[in-house]
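These notes are about the structure you will find just below.
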Amino acid sequence: MVGNQNSGRPAKPAIVHLLNGNPSKRNREELLREQANPLAPVEAPAIPDWLSEEARAEWERIVPDLESLGLISRLDRQAMAHYCEAVAEYRFWTLKIRELSQGQSLRGDVQTYRSGAQDLSVWRKLRNDAERRANEAGARFGLSPLARRSLKAPVPQGELFPNEQKRIADRYF
């Protein structure tokens with residue numbers, strides 16, 4: 001069997017087509033209709049009660065912006081919670097490294113074993129893991145320059161027929 005519904009790239013949402021200037025030349029009215037009637041309506045999800053205080057602060061900072069851009073729905077609650085917790089953990093581990101490094105260079109970044117071998121400290125490894133998780137979860141919502149690259153607003157096209165030519169073209173087209 002050659003191909004099935006799972007073959008190829010996943011379809012892009014209508015908003016992505018429109019923001020990119022519709023390079024695939026899909027029917028514009030169909031895209032606008034799909035955007036006007038999304039599968040999941042744009043709506044801020046409720047804040048989970050189990051979020052840490054730091055994660056809750058990140059939620060309250062970022063969700064209103066995502067809602068105004070139309071990039072979040074109630075269905076995104078868990079994905080947004082993952083992002084907010086990862087950001088909170090990243091901040092926690094960064095402050096822990098800073099605290100351990102007071103007055104000593106690399107104290108919180110490097111762990112020295114009895115043999116003299118050095119490795120990244122467990123604090124740095126935990127911070128790096130939180131950073132990776134925050135970046136991955138944030139990319140789902142366009143929260144990095146690379147993720148936003150595909151969400152550029154289209155440059156408005158100039159008039160095909162300026163002034164007098166436009167009036168003439170309007171009579172025939």
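A compact table of results
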| read-out | value |
| --- | --- |
| Yes/no for GLU34 being loosely packed, with under 12 Cβ neighbours inside 10 Å and modelled with pLDDT under 85 | no |
| One residue from LEU126, LEU95, LEU100, LEU71 being under 12 Å from the mean Cα position of the chain (by Cα) and either in contact (Cβ under 8 Å) with a residue 60 or more places away in the chain or more than 28 Å from ASN20 (Cα to Cα) (or both) | LEU71 |
| Among residues of region 57-70, those that are surrounded by 18 or more Cβ atoms within 10 Å (Cβ to Cβ) and either in contact with an Asp or Glu (Cβ under 7 Å, 6 or more places away or on another chain) or not acidic (Asp, Glu) (or both), counted | 4 |
| Top-ranked residue in region 122-173 [being surrounded by 11 or more Cβ atoms within 10 Å (Cβ to Cβ) and acidic (Asp, Glu); ranked as modelled with the lowest pLDDT] | GLU136 |
| Residue count for region 110-151, restricted to those that are assigned to a helix (DSSP H, G or I) and among the polar types (S, T, N, Q) | 3 |
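The values are calculated or read from the model by the stated rules, or taken from the named source; none is laboratory data. The shown structure was predicted, so the numbers you read here are calculated from the model rather than taken from an experiment. So basically every Cβ, Gly included, is an ideal-geometry build from the backbone, and we count neighbours across all protein chains shown.
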